[in-house]
Amino acid sequence: MLHHFAPLNEFPLDAVNFIAMDRELKTFRSVAIFLSLILGAHLAALAQTQPTLLTAVDHRKTTSLDGAWHTIVDPYATGLYDFHQHLRDDGYFQNAKRESGDSPLEYDFAKSPTLKVPGDWNTQRDALFLYEGTVWYQKDFSYSKAAGNRLFLHVGAANYRSYVWVNGRPGCQHEGGFTPFDCEITDQITNGANFAVIAVDSTRLANGIPTLQTDWWNYGGLTRDVSLVEVPAQFIDDYTLQLKRGTKDQIDGWVHMEGATPGTSVSAEIPELRLSEKATVDADGRAFFHLHAPALQLWSPEHPKLYRVKLLSGKDTLEDEIGFRTVEVHGNEIWLNGSPIFLRGISVHAEAPIRTGRAYTDQDAQTLLGWVRELGANFVRLAHYPHDERMARLADKMGLLVWSEVPVYWAVQFEDPEVLAKAKQQLREMIRRDRNKASILLWSVANETPLTPARTQFLSTLVTTAREEDPSRLITAALLVRTEGMQKIVDDPLGASLDVIGVNEYIGWYEHKPEDADKTEWQIKFDKPLIVSEFGGDTKAGLHGTASQRWTEEYQASLYRHQLGMLNRIPSLRGLSPWILMDFRSPRRPLPGIQDFFNRKGLISESGKRKQAFYILQKAYQQQSVGKAHGEHP
Ligand code: GCU
């Protein structure tokens with residue numbers, strides 16, 4: 001059936017073929033969407049086993065499965081369907097080595113090319129640069145599990161939908177490209193030789209989170225670490241320990257046990273503070289703790305103090321490194337550890353500096369957050385999806401405050417309850433992975449969503465979910481702003497349910513001239529802290545001209561000067577995160593010679609070149625001449 005279709009890697013990736021490739025990809029796309037919809041339906045078997053999410057996996061003893069995985073690019077999902085669209089029972093998940101019966105074996109992972117895991121496939125192989133669809137990953141590994149223990153296959157993230165089999169038997173499936181999941185494979189594993197097969201489908205879905213339109217590249221694949229996590233039959237899968245608001249020495253929290261009977265004993269220790277407390281698990285598997293810590297040093301940007309904590313129960317021990325601080329809102333001020341703070345920030349995409357592609361390494365995190373620090377910032381907006389856990393860990397160490405967001409981005413299908421369920425799932429996963437990261441200040445439930453009653457209802461529900469999951473942090477969203485002449489009006493009804501109002505505005509780029517910021521007045525309906533979560537303009541590093549010439553560094557610099565002046569006139573401004581630290585890839589930005597599929601609003605180019613505006617913002621941050629943490633501006 002498929003012989004007439006040329007395999008992907010025969011496409012040379014130069015501009016001329018782009019069009020041809022694009023036309024090919026368009027047919028691909030419609031076929032791929034049709035296939036991936038059926039794919040989801042047919043994989044009901046896998047749906048039975050919902051993955052879980054183990055906290056602090058990066059602090060557990062694990063067996064890494066990172067490295068080279070054999071791959072099969074499967075635009076027609078042949079690995080799952082026969083020519084009449086029936087689910088094959090001899091699909092690629094079997095990783096068959098010889099023919100069964102009379103039918104020929106038409107795939108062979110062992111002879112198939114490899115891709116590196118973690119890593120997106122788009123920047124690893126030219127032929128996959130624009131590819132959206134299914135890729136099969138296969139890896140052999142030897143393992144022996146201790147009797148009675150449970151085993152999970154941990155995936156740091158896989159974009160967008162992934163289906164896991166071990167030794168040809170279904171493991172689990174997951175939807176969402178930026179949050180981790182843990183697939184139980186206790187029954188599938190054998191002591192000795194094993195193999196894992198993971199089908200990853202990056203097809204964008206109208207009922208997805210995010211939906212079809214994004215201003216970032218849809219990097220597909222196993223984009224973060226993959227490992228095996230072995231735990232005793234009774235183990236700690238989640239916990240939280242937080243400094244109680246209004247105190248400097250009261251640490252409250254709970255530990256959740258999997259597989260434990262009520263009454264099981266758990267202890268929480270902070271050795272450096274000589275603190276240790278025992279508690280017992282209740283019917284829901286939770287044990288509650290109240291530690292009095294008179295000698296506690298609070299975590300703050302100036303003093304990012306982290307403590308090793310140890311949680312022990314039976315045969316299981318979970319260690320972590322966390323900081324203790326309180327965050328709250330007082331009127332229109334943001335308070336950290338009981339004092340007002342101003343957030344001098346910048347927005348960042350998980351685009352790898354220099355090499356480009358989805359960021360995931362320690363080096364990526366150090367380079368990006370190193371540049372944030374060089375700017376003189378104390379705050380970073382990780383847009384528009386949860387970034388690699390390394391970013392939050394490093395922010396904990398560096399003392400950077402973080403805005404973390406789920407990709408409820410632009411016009412998702414707010415009317416569809418299934419879409420709400422997907423958004424809630426990603427929100428819970430984001431919070432569960434990072435609830436003990438001191439650096440995380442804000443959970444954001446959305447970015448630039450259209451103002452409809454269904455949307456506001458949808459997002460209000462997400463706000464409630466976030467508060468239930470984590471009552472210790474502030475909830476926000478990046479809202480659109482109404483414009484009337486030279487007036488900016490912030491009256492989005494969602495603002496009523498947020499702790500902190502985030503607004504995106506592009507005066508001087510998508511509307512008006514940079515200098516029009518000087519005469520722009522802001523009308524803000526809410527007496528709440530306001531963060532200008534985006535403003536900016538594109539320029540190609542090294543392109544020079546006059547301040548009125550768009551795309552030049554001078555234009556971007558002028559835009560920043562006028563913006564900073566305007567922002568200083570907004571009384572409730574408590575932070576900003578201009579768009580954006582570094583140029584990043586976007587399929588919406590084709591302008592030849594300037595954008596070339598990059599959004600160029602970075603203050604730094606993807607190759608590390610600082611633009612003029614970088615130094616303007618740096619100066620304002622180092623002199624702390626923008627914004628005020630407390631009370632009215634002079
Ligand atoms: C929007 C959006 C960003 C986008 C930016 C831009 O505000 O939130 O994701 O990249 O504008 O247009 O550059």
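A short reminder: the numbers here are calculations on the coordinates, not readings from a lab. Predicted model, so just to flag it, every value in this text is computed and none were measured. Glycine also receives a Cβ, built like all others from the backbone with ideal geometry; neighbour counts cover every protein chain displayed.
The table that follows gives values for the structure above.
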{"item": "GluC sites (Glu not before Pro) lying in DSSP loop within the range 517-571, provided at most 16 other Cβ fall within 10 Å", "result": "none"}
{"item": "Label-point gap, in nm, between Gln624 and Leu591 - each point 7 angstrom along Cα→Cβ", "result": "3.7"}
{"item": "FRET efficiency estimate (nearest 0.05) - Cβ-Cβ, Tyr615 to Asp416, R0 41 angstrom", "result": "0.35"}
{"item": "Net lengthening on full extension, Ala110/Thr464 (0.36 nm per residue, minus Cα-Cα)", "result": "122.6 nm"}
{"item": "Gln549 paired with Lys97, simple spin-label distance in nm, labels 7 Å along Cα-to-beta-carbon", "result": "6.6"}
{"item": "Trypsin sites (Lys or Arg not before Pro) lying in DSSP loop within the range 307-411, provided at most 15 other Cβ fall within 10 Å", "result": "Lys315, Arg355"}
{"item": "Karplus 3J(HN,Hα) series, Hz, for the range 275-285 with 6.51 cos²θ - 1.76 cosθ + 1.60 (x for Gly, Pro)", "result": "10, 8, 9, 9, 8, 10, 6, 8, 5, 8, x"}
{"item": "Chain lengthening between Thr317 and Asn207 when straightened (0.36 nm per residue, less Cα-Cα)", "result": "35.6 nm"}
{"item": "Given the chain, longest segment not containing exposed loop chymotrypsin sites (Phe, Trp or Tyr not before Pro) (DSSP; at most 14 other Cβ within 10 Å)", "result": "84-509"}
{"item": "Taking Thr55, Thr476 and counting other C-beta atoms within 10 Å, the order from fewest to most", "result": "Thr55, Thr476"}
{"item": "FRET efficiency, 1/(1 + (r/R0)^6) with R0 35 Å, evaluated for Phe141 and Arg308 via beta carbons", "result": "0.70"}
{"item": "Label-to-label distance, nm, for residues given as His84 and Ser339 (7 Å Cα→Cβ offset)", "result": "7.4"}
{"item": "Per-residue Cβ neighbour rank within 10 angstrom, fewest leading, Asp249, Asp89, Asp215", "result": "Asp89, Asp249, Asp215"}
{"item": "Translational D in µm²/s for the chain (Stokes-Einstein at 20 °C, 1.002 mPa s, Kirkwood Rh from C-alpha pairs)", "result": "83"}
{"item": "Full-extension gain in nm, Asp252 to Asp187, via 0.36 nm per residue minus C-alpha separation", "result": "19.7 nm"}
{"item": "Estimated dipole of the range 122-252 in Debye, rounded to 20 [Cβ of Lys and Arg +1, of Asp and Glu -1, Cα centre]", "result": "60"}
{"item": "³J(HN,Hα) computed for each position of the range 164-179 - Karplus, 6.51 cos²θ - 1.76 cosθ + 1.60, integer Hz, glycine/proline x", "result": "10, 10, 10, 6, x, 10, x, x, 6, 9, 8, 10, x, x, 9, 10"}
{"item": "Sequence-distant residues sharing a close amide H with Gly508 (under 5 Å, placed H)", "result": "Lys513"}
{"item": "Rounded FRET efficiency, nearest 0.05, which uses the C-beta distance separating Asp362 from Ala295 and R0 of 25 Å", "result": "0.20"}
{"item": "Residue-averaged 222 nm ellipticity for the chain, from DSSP H runs of 4+ at -39500 (n - 2.57), nearest 500", "result": "-6000 deg cm²/dmol"}
{"item": "Backbone HN-Hα couplings from phi across the range 607-616 [Karplus 6.51/-1.76/1.60, Hz, Gly and Pro as x]", "result": "9, x, 6, 7, 9, 3, 4, 4, 6, 5"}
